[in-house]
Structures are given as structure tokens and as C-alpha cells.
Amino acid sequence: MSSDRWTDIRPVSPATDPFRAYPEGAGTWSRRVMVVEDEPLLAALLSEFLTGAGFEVRTCASAADVADCVEDFDPDAALIDINPGRGPSGVQVGQLLHRTSPHIGLVFLTKYADPRMTTGQGVPAGSAFLHKGAITDASVLIEAVETVLRDGLPPLRHDIELKGSLAQLTATQLEILRMAALGWTNAAIARSRATNERAVEKRLQAVFTSLAVPSSPDINPRVEAVRRYIAEAGFPDEAPA
């Protein structure tokens, strides 16, 4: 294999055969995830979590193996280590996959707790970004994968540094504020979380309280909370479809 083989990824469209991923005797569609991870133990753990959740899994020990894996396996999503061993960086692999196979959802993995120590800048819009240390059980990993497979959900991003006032928010409050920063209405947020608008409104009120948003007729609390989110975490990757 030449040193440039990793770039030889043919443009791929999602499979048109609706039965191609049905295991024999099964009645549900099994989605496919490619894992690009050079640490064997972590690769095995990720595969176990994903398989247990009903995914088909193929592992690649390095970025150099990605082209063959994409061609043979046709994944729906890819978990990519930011530093996957020999060859190009995980970000370079993700950018190439995004250009050649845009239907593949991308989840980037990093071992660094501080996002400033990663090479995460330049990841394609709509990608999820997950700290390896946060994968304490299968639910965290599955949530990250689902956000890149399901339309309309903001991707999970652990590379947003929580500092200042945002550090005071719970995970649920931060998620709802991120959706608000995407421009979502309370109704849209409620649908995505399988709840009701009243519950969303209560969560937002808790956000305003945690952020100490002034109670003033001259200040819109939602706009002010979103302004602070963008000031500290940056603009969300993409708007809802």
C-alpha cells in the first residue's frame, strides 16, 4: 500500500438496498460504525459498547486503513481518534470523509481534557467531539453517535471549554441553551427532547437564574443568555434543518 493510499477514498452514497444491513432473522436495521483507534484496548471497548447497542462495527488501527474500510464496510458513522497513530491526523481523515462520503456521521475522540491541547480546529461542521475520559459507560458513546446519525440534533461537543458562567450550568441546561443558540424555538427543543414546552421554559428559567441574567424590562433574558453562550463557547456548528 502506498503512503497516499489513505486519500484514495471513492465518493460513496448511502446503500440503496434496504436489506443490506439486516442480520439474518432480524427485524430491525443495523447501522454500521467504523472505529479508527490505534489503542487496542480502547478500540475493543468502543466496539463492545457499540455492538451491545446493536451497531455493526469495523475497527481500523490507523488512518492508513480507512480507505479500505470505507470501501469494504460502507459505514454510517465513524469514530476517529484525533491522533490515530501513523499517517495523517484524525481531523485530516474526517475532512476527507466529509468531502467524499458526506453521509457518514463523524465523532472525533481525544484524550486531552483541555480542548486547547487538541488539534480539533477544522473539524467538519456537524461533527461530534468526545473526550475519551468521558466514556465511562456505553450511554455517553451512544449519545455522541446518535447526534451525528439523527437529523436535527446538535452534535455532542466536549471540546467546548466550560469556563466562566457556563461552568455553572448542568449538562441539561447547557444542552438546552445550545439549542436556543441554534435559534430553536421552545417547541422545537421540546420535540427533540421528547418533553413539553412548559418543561423547556422551566429549564430556561433555571438557566437565566444560574447565569444571573438581570431582571429588567430593557433586557430579553433569552437573548442575553444566548449572547453569553456564544461569547464563551462560540457559535454552534449548524442550524436545525
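In the list Thr172, Thr147, which residue meets the criterion of being β-branched (Val, Ile, Thr), buried (at least 17 other Cβ atoms within 10 Å of the Cβ) and either on the phi > 0 side of the Ramachandran plot or modelled with pLDDT under 90 (or both)? Write out each step before concluding.
Details: Thr172 fails: buried (at least 17 other Cβ atoms within 10 Å of the Cβ).
Checking each option against the conditions leaves just Thr147.
Take the residues in region 102-113 that are of a type in the set (Val, Ile, Thr) and touching a Phe, Trp or Tyr at 6+ places or on another chain (Cβ under 9 Å), then tell me which one is modelled with the lowest pLDDT. Per the criteria, the residue is Thr110.
The set of residues from region 13-71 being assigned to a loop (DSSP other than H, G, I, E, B), at pLDDT 85 or above and under 17 Å from Ser101 (Cα atoms) comprises just one member, Arg31. Against the conditions (1) under 29 Å from Phe55 (Cα atoms); (2) among the polar types (S, T, N, Q); (3) at pLDDT below 85, Ser165 satisfies every one except (1).
If you check Arg116, Arg99 for being in a helix (DSSP H, G or I), at pLDDT below 85 and charged (D, E, K, R), only one passes: Arg116.
Within region 36-51, is even one residue assigned by TED's automatic domain parsing to the domain that holds Leu109, among the β-branched types (Val, Ile, Thr), surrounded by fewer than 18 Cβ atoms within 10 Å (Cβ to Cβ) and touching a strand residue (DSSP E or B) at 6+ places or on another chain (Cβ under 9 Å)?
Filtering region 36-51 for residues assigned by TED's automatic domain parsing to the domain that holds Leu109 gives 36-51.
From what is left, the residues that are among the β-branched types (Val, Ile, Thr) are 36, 51.
With surrounded by fewer than 18 Cβ atoms within 10 Å (Cβ to Cβ) added as a condition, the list becomes 51.
The next check asks that each one be touching a strand residue (DSSP E or B) at 6+ places or on another chain (Cβ under 9 Å); those that pass are 51.
Yes, region 36-51 contains a residue that is assigned by TED's automatic domain parsing to the domain that holds Leu109, among the β-branched types (Val, Ile, Thr), surrounded by fewer than 18 Cβ atoms within 10 Å (Cβ to Cβ) and touching a strand residue (DSSP E or B) at 6+ places or on another chain (Cβ under 9 Å).
Of all residues in region 166-180, at least one satisfies being in a loop (DSSP other than H, G, I, E, B), aliphatic (A, V, I, L, M) and not assigned by TED's automatic domain parsing to the domain that holds Leu46. Filtered by the rule that a residue be surrounded by 20 or more Cβ atoms within 10 Å (Cβ to Cβ), of a type in the set (D, E, K, R) and under 10 Å from Asp38 (Cβ atoms), region 66-88 gives a lone residue, Asp81.
The values are calculated or read from the model by the stated rules, or taken from the named source; none is laboratory data. Quick caveat: nothing in here was measured; it's all calculated off a predicted structure. Cβ: placed from backbone, ideal geometry, glycine included. Neighbour counts: every protein chain shown.
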